[in-house]
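What follows is a short report on a single structure.
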Amino acid sequence: MMLAIFLNNLFASLMALLLGVGFGIVPFIVVVMNGLVVGLVVHQAMLAGGLAFVIVAILPHGIIELPTVLVCIGVGFRLGHLMIKTLLGRDGDLEGELLAAIRLLRWVVLLLFVAALIETFITPILIQPFIQPFIDSQSSPVM
């Protein structure tokens, strides 16, 4: 499970960062899709367990994961902007920025790995008090 979470987040981040040179279209799609997914998950979690549940379920890994993904999206937008400037013949160091983005990837990999570890191994422990009453109320005695 941890590997799936890590690879999913890494794939989305890499797509946003490196494919930003395509005029920023991919980072835009990634930010919209992530916003929709996070919004849906938060809404469902609020209905199921309230604000405290949402904070406990998202904050521990989200404090690392969300800023990392957002930085990748921002760099992708920057690369898209520089691509447009380059095509228009204006001053801009697209090659240098792309190399800097590639160097940034080691930090992205590390941070997303740590976030996936937290999401897989720590978050379930933290949310247990919230979901146990629900599980207990759903079980019925066998006769």
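All of the numbers you see were taken from the coordinates with simple rules; none came from a lab. What you see is a predicted model; the values in this text were computed from it and never measured. Cβ coordinates were reconstructed from backbone atoms using ideal geometry, including for glycine residues, and neighbour counts include every protein chain displayed.
Helix 94-117 sits at what angle to the longest principal axis of the chain, using alpha carbons and giving 0 to 90 degrees rounded to 10?
Helix 94-117 sits at roughly 10 degrees to that axis.
In nm, give the distance between the simple-model label positions of LEU126 and LEU104, each being 7 Å from the Cα along the Cα-to-Cβ direction.
Label at LEU126, label at LEU104, 2.5 nm between them.
Per 0.36 nm of contour for each residue apart, how much would the distance between ILE29 and LEU3 grow if the chain were fully extended, relative to their Cα-Cα spacing?
Length difference between fully extended and current span is 7.0 nm.
Projecting each Cα onto the charge dipole of the chain (Lys/Arg +1, Asp/Glu -1 at the beta carbon, about the Cα centre), which of PHE53, MET15, THR68 comes out farthest on the positive side?
After comparing all options, I get MET15.
Using the Cα centre of the chain as the reference point, and only Cβ charges (+1 on K/R, -1 on D/E), how large is the resulting charge dipole? Debye, rounded to the nearest 20.
Values: 5 positive and 7 negative charges, 37 e Å.
It comes to approximately 180 debye.
What Kirkwood hydrodynamic radius, in Å, does the stretch 1-65 give when the mean of 1/r is taken over all pairs of distinct Cα atoms and then inverted?
With all distinct Cα pairs of the stretch 1-65 included, I get 13.1 Å.
What translational diffusion coefficient, in µm²/s and rounded to a whole number, does the Stokes-Einstein relation yield for the chain at 4 °C and a viscosity of 1.567 mPa s, taking the hydrodynamic radius as the Kirkwood radius over Cα pairs?
Estimated diffusion coefficient is 76 µm²/s.
VAL42 to LEU59: extension gain in nm, 0.36 nm per residue of separation minus the Cα-Cα distance?
Gain in length upon complete extension: 5.0 nm.
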